[in-house]
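To keep things clear, I will list the structure first and then write my remarks on it.
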Amino acid sequence: MRLPKIREIREALTSFFSPPYTSKYPAKPAAFPSYRGLPRFNAAYCVGCGACAQVCPSQAIEVVDDPQRKLRTLRVDYGSCMQCGQCQEKCITGKGIVNGNEFSLAVSDLAAPEVFETVEKELVVCECCGEVVGCRDHLLWVRERLGAKAYAHPNLLLATQALLTDADASRAKSRPRREDQVKMSCARCRQKVVSADEFLYPRYRTFTEEPAEESAVAAILRRKGRAVWTVSPETKVFEALRLLAEKNVGALVVVEAGRPVGMFSERDYARKVALMDRTSFDTPVKEVMSSPVYGVPVTAGAEECMALMTEKRVRHLPVFEGDRLTGLISIGDVVKSLIEEQRSVIKRLSDYIMGKYS
Ligand code: SF4
Ligand code: SF4
């Protein structure tokens, strides 16, 4: 028998005391240390800004806001995530979501809890309209970065104060008030409060409603009534003059087949009958009336009426609602309305300057 060589003895001993070359089955999966795996939220650093959802190319991150419960939920769906790392790369805090080196293992149930990763954050809502402002942690994060400059914005101040006090949010009022400038409010409401303060829109009813203002023409008709006196084109001028005097009005609308075809006023009589040697008994209104008819809708403003009267050199305007003749306004009515409007604006501005608004 041949004796073993020294080399062979050494190899036998080495293999006897060395671990096996192959791993046992089943093996625990172990990723390469720098492998980019599933992203996981880090609630301590995530501020709920939602930037990761916006940059996610596969839209695997969903942001769900619940203003009633004041809760924002961010959820990653691992079924859609392709582990690109964009969420971690663009996270505003840099650590709110981190791609670890976990594998994405196949699952049979795509709705299983392990398929999703979620984080919940406290939501701040507008005290005026209930719209979402953002997450409290996000506001605090911004405040920290701004330092002393953060005191310039009420939302940042209030977010900080909320950490110290337990005060309830105020209730929305029927209309914007100056006090709303120092409430937690969304950009839209803040803009309304600051730039469209009470003196601009006194008839605001709610924050969401548009100003429910009555037009100047509608207000004139409400005050003076909607009666319109009309004559036909064949009516004699004398009859028309008698109607003017009887009803104490300055103009009549000349109507043919239900449609206004002209206007007749004392000025037409003076210029086209008396001065032109005609007689009011024989002359029909159609020969002296002013035509065409310039009218305004009931929704028109005083300035619009004044501009039309000045341009067309008329002193009366019929008012229409759709096709229907619904009133007649004079230059006197329009001037009065303009003066009242300006008085009201001056008073509101004075009250505003004197601090009479709460
Ligand atoms: S790793 Fe990429 S795909 Fe996955 S959640 Fe982040 S951004 Fe979306
Ligand atoms: S802080 Fe980072 S992880 Fe959190 S929502 Fe913003 S971007 Fe996403």
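Tabulated results
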| item | result |
| --- | --- |
| Within the range 103-137, considering residues that are small (G, A, S) and surrounded by fewer than 19 Cβ atoms within 10 Å (Cβ to Cβ), the one nearest to C186 (Cα to Cα) | G130 |
| Hits in the range 305-357 - residues which are buried (at least 16 other Cβ atoms within 10 Å of the Cβ) and in contact with a Phe, Trp or Tyr (Cβ under 7 Å, 6 or more places away or on another chain) | L308, V314, L317, T326, R348 |
| Where C52 falls short, out of the listed (1) surrounded by 15 or more Cβ atoms within 10 Å (Cβ to Cβ); (2) near ligand 1 (Cβ under 10 Å from one of its atoms); (3) part of a loop (DSSP other than H, G, I, E, B); (4) of a type outside the set (S, T, N, Q) | (3) |
| Conditions (1) at pLDDT 90 or above; (2) not assigned by TED's automatic domain parsing to the domain that holds W229: number failed by V345 | (1) |
| Qualifying residue in the range 66-78 (condition: within 15 Å of ligand 2 (Cβ to nearest atom), on the phi > 0 side of the Ramachandran plot and in a loop (DSSP other than H, G, I, E, B)) | no |
| Any chance A44 is of a type in the set (A, V, I, L, M) and near ligand 1 (Cβ under 10 Å from one of its atoms) | no |
| Residues satisfying the stated conditions in the range 79-102, i.e. within 7 Å of ligand 2 (Cβ to nearest atom), surrounded by fewer than 18 Cβ atoms within 10 Å (Cβ to Cβ) and outside any helix (DSSP H, G or I) | I92, T93 |
| Hits in the range 55-93 (condition: of a type outside the set (A, V, I, L, M) and more than 14 Å from ligand 1 (Cβ to nearest atom)) | D65, D66, P67, Q68, R69, K70, R72, T73, T93 |
| Test result for V63, free of Cβ contacts under 8 Å to residues at least 40 places away in the same chain, under 21 Å from V132 (Cβ atoms) and either of a type in the set (F, W, Y) or within 12 Å of ligand 2 (Cβ to nearest atom) (or both) | yes |
| Pairs with Cβ under 6 Å, 6+ apart, first in the range 43-59 and closer than 16 Å to G134 by Cα, second part of a helix (DSSP H, G or I) and more than 11 Å from ligand 1 (Cβ to nearest atom) | V47/D137; V47/H138; V47/W141; G48/D137; G48/H138; C49/H138 |
| Extreme residue, modelled with the lowest pLDDT, among residues of the range 140-198 that are outside any helix (DSSP H, G or I) and loosely packed, with under 12 Cβ neighbours inside 10 Å | S174 |
| Residue selected from the range 104-117 under the condition of a type outside the set (S, T, N, Q) and over 21 Å from A43 (Cα atoms), by the criterion farthest from ligand 1 (Cβ to nearest atom) | D109 |
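The values are calculated or read from the model by the stated rules, or taken from the named source; none is laboratory data. As the structure is a computational prediction, the values presented were derived from the model and not from experiment. Backbone-built Cβ (ideal geometry, glycine too); neighbour counts: all protein chains shown.
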